[in-house]
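Since the structure comes first, as structure tokens, the remarks are kept for the end.
The values are calculated or read from the model by the stated rules, or taken from the named source; none is laboratory data. This is a predicted model, so every value here is computed, not measured. Don't worry about glycine lacking a Cβ; one is built from the backbone with ideal geometry, like all the others, and counts go over all protein chains shown. Please note that ligands, DNA and RNA were not included when accessible areas were found on the heavy atoms of the full protein model with its side chains. Shrake-Rupley method; radii C 1.70, N 1.55, O 1.52, S 1.80 Å.
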Amino acid sequence: MVECDVEYEKDNIFAKILRKEIPNFTVYENDNILVMMDIMPMSRGHCLLLPKAPSRNLLDANDEVLGKILPAIKKVAKAVKKAMNADGIIIKQFNEDAAGQTVYHLHFHIIPAYRGEKLARHADRKEDNEILAARAKEIANYIEEID
Ligand code: AMP
């Protein structure tokens, strides 16, 4: 495993969400992952998939944890595409601030793409809570059980 030279910050906002100290718009949750709406979406239906195991980003993540992540991303991506009637799906993941990472708990962006529509800028505008709640429900309806 590649080690990261910076420690995991246990009070980052996603760690607090995983500990249920801060609310979120949950799409799906099991023992290993949480899928939630990105509150500042780059497009309609932008979700984040977080492994529950603590790691700062991909560079210090446990290989066993990562082994379950790609199949989970695939299931969520298919559900998002169907639920949002999207034309495609972009997967993004940032490691360290130079690469654009702003929250230091590993997460994967699942971003629907719509033909003829540009993506909004990264973390630019907060979406209305009612809209985020409705989209979380719509996507949840299409998610199959994840290991
Ligand atoms: P990054 O670390 O650059 O991959 O991006 C962190 C992402 O988390 C951004 O897209 C933010 O819009 C999103 N974000 C920040 N705070 C929250 C929150 N409380 N709930 C859901 N998404 C969030």
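Summary table
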{"read-out": "Only one of Asn85, Asn62 that is open to solvent by 60 Å² or more (accessible area, probe 1.4 Å) and either within 12 Å of the chain's Cα centre (by Cα) or touching a residue at least 40 places away in the same chain (Cβ under 8 Å) (or both)", "value": "Asn62"}
{"read-out": "Filter result for the condition that a residue is open to solvent by less than 70 Å² (accessible area, probe 1.4 Å), at pLDDT below 95 and closer than 20 Å to Phe14 by Cβ, over Ala123, Ala72, Ala53, Ala136", "value": "Ala123"}
{"read-out": "Residue pairs meeting the criteria (Cβ under 9 Å; at least 6 apart or on separate chains; first free of Cβ contacts under 8 Å to residues at least 12 places away in the same chain and open to solvent by less than 100 Å² (accessible area, probe 1.4 Å), in region 7-21; second within 13 Å of the ligand (Cβ to nearest atom) and part of a loop (DSSP other than H, G, I, E, B))", "value": "Lys16/Ile22"}
{"read-out": "Residues within region 87-143 that are farther than 30 Å from Glu7 by Cα and out of contact with any helix residue (DSSP H, G or I) (no Cβ under 7 Å at 6 or more places or on another chain), tallied", "value": "22"}
{"read-out": "Checklist (1) within 15 Å of the ligand (Cβ to nearest atom); (2) among the hydrophobic types (A, V, I, L, M, F, W, C); (3) outside any helix (DSSP H, G or I) applied to Ile146, failing item", "value": "(1)"}
{"read-out": "Region 102-147, residues that are touching a His at 6+ places or on another chain (Cβ under 9 Å) and free of Cβ contacts under 8 Å to residues at least 60 places away in the same chain", "value": "Thr102"}
{"read-out": "Pick from region 95-125, criterion part of a loop (DSSP other than H, G, I, E, B) and among the acidic types (Asp, Glu), ranking: nearest to the ligand (Cβ to nearest atom)", "value": "Asp124"}
{"read-out": "Among (1) near the ligand (Cβ under 9 Å from one of its atoms); (2) open to solvent by 30 Å² or more (accessible area, probe 1.4 Å); (3) in contact (Cβ under 8 Å) with a residue 24 or more places away in the chain; (4) charged (D, E, K, R) - the single one Lys92 does not satisfy", "value": "(3)"}
